[in-house]
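Enquirer: Handing you this structure, nothing more for now.
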Ligand SMILES: [Zn+2]
């Protein structure tokens, strides 16, 4: 079972975090504390298939007010996560160094959890900083994808106007575009260029 060691929601959180920055358009969806609040609302820390009962323990629960300091830390983490996603397929050693450094700085700690008759392992952070928890979960999930599926599963969309990042968890691992929309746009462009050259 490939999904035994990572939680796909953590992989998704990593990709979504990296993609809050759109380099081509120069758009940043993580500029305010409110936007950070929304990001955590969309990506709550959770076990496989179950909402977490202990979000407050992990620095992201409703009782915890996010601050500008949290925003700064999460934005710094975004640099790291984006660096991992951009580099893994071409320079896996550099990506691994970013992951290992990030895990060390977030004081990432593996824990064994039990809930709803299921056991699972999770990597969390030994601190109350929400950015550290996000670093521990996202970076350990990316580490697990690299270790189980290989570094080429992390990538940047081949769409010339996109550069969004993705993680390919599919069986055949042939993903090149972040979304179907980008893939479709590229195939239309390729068709048009063939047509105009003939
Ligand atoms: Zn794309």
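Enquirer: Within the set of pairs 6+ apart or on separate chains, which have a first residue in region 167-195 that is in contact (Cβ under 8 Å) with a residue 12 or more places away in the chain, a second that is within 10 Å of the ligand (Cβ to nearest atom) and part of a helix (DSSP H, G or I), and C-beta atoms under 6 Å apart?
Expert: Listed pairs, sorted by first residue: 177/183.
Enquirer: Then there's this: What strands (runs of 3 or more DSSP E) completely inside region 101-198 contain at least 2 residues that are on the phi < 0 side of the Ramachandran plot and at pLDDT 95 or above?
Expert: Those strands (runs of 3 or more DSSP E) span 154-156, 165-167.
Enquirer: Looking at this structure, is residue 180 more than 16 Å from residue 16 (Cβ to Cβ), out of contact with any helix residue (DSSP H, G or I) (no Cβ under 9 Å at 6 or more places or on another chain) and within 15 Å of the ligand (Cβ to nearest atom)?
Expert: yes
Enquirer: For residues that are surrounded by 16 or more Cβ atoms within 10 Å (Cβ to Cβ) and free of Cβ contacts under 8 Å to residues at least 60 places away in the same chain, scanning just region 106-124, find the one that is nearest to residue 67 (Cα to Cα).
Expert: Checking each candidate, the answer is 106.
Enquirer: Looking at 114, 133, which one is in contact with a helix residue (DSSP H, G or I) (Cβ under 7 Å, 6 or more places away or on another chain) and closer than 16 Å to residue 45 by Cα?
Expert: From the options 114, 133, the qualifying one is 133.
Enquirer: In this structure, does residue 82 turn out to be within 16 Å of the ligand (Cβ to nearest atom), in a helix (DSSP H, G or I), in contact (Cβ under 8 Å) with a residue 40 or more places away in the chain and crowded, with 21+ Cβ neighbours inside 10 Å?
Expert: It is true that residue 82 is within 16 Å of the ligand (Cβ to nearest atom), in a helix (DSSP H, G or I), in contact (Cβ under 8 Å) with a residue 40 or more places away in the chain and crowded, with 21+ Cβ neighbours inside 10 Å.
Enquirer: If you take the residues in region 156-174 that are under 15 Å from residue 12 (Cβ atoms) and touching a helix residue (DSSP H, G or I) at 6+ places or on another chain (Cβ under 8 Å), which one is farthest from the ligand (Cβ to nearest atom)?
Expert: 169
The values are calculated or read from the model by the stated rules, or taken from the named source; none is laboratory data. What you see is a predicted model; the values in this text were computed from it and never measured. With ideal geometry, Cβ positions are generated from the backbone for all residues, glycine too; neighbour counts draw on all protein chains shown.
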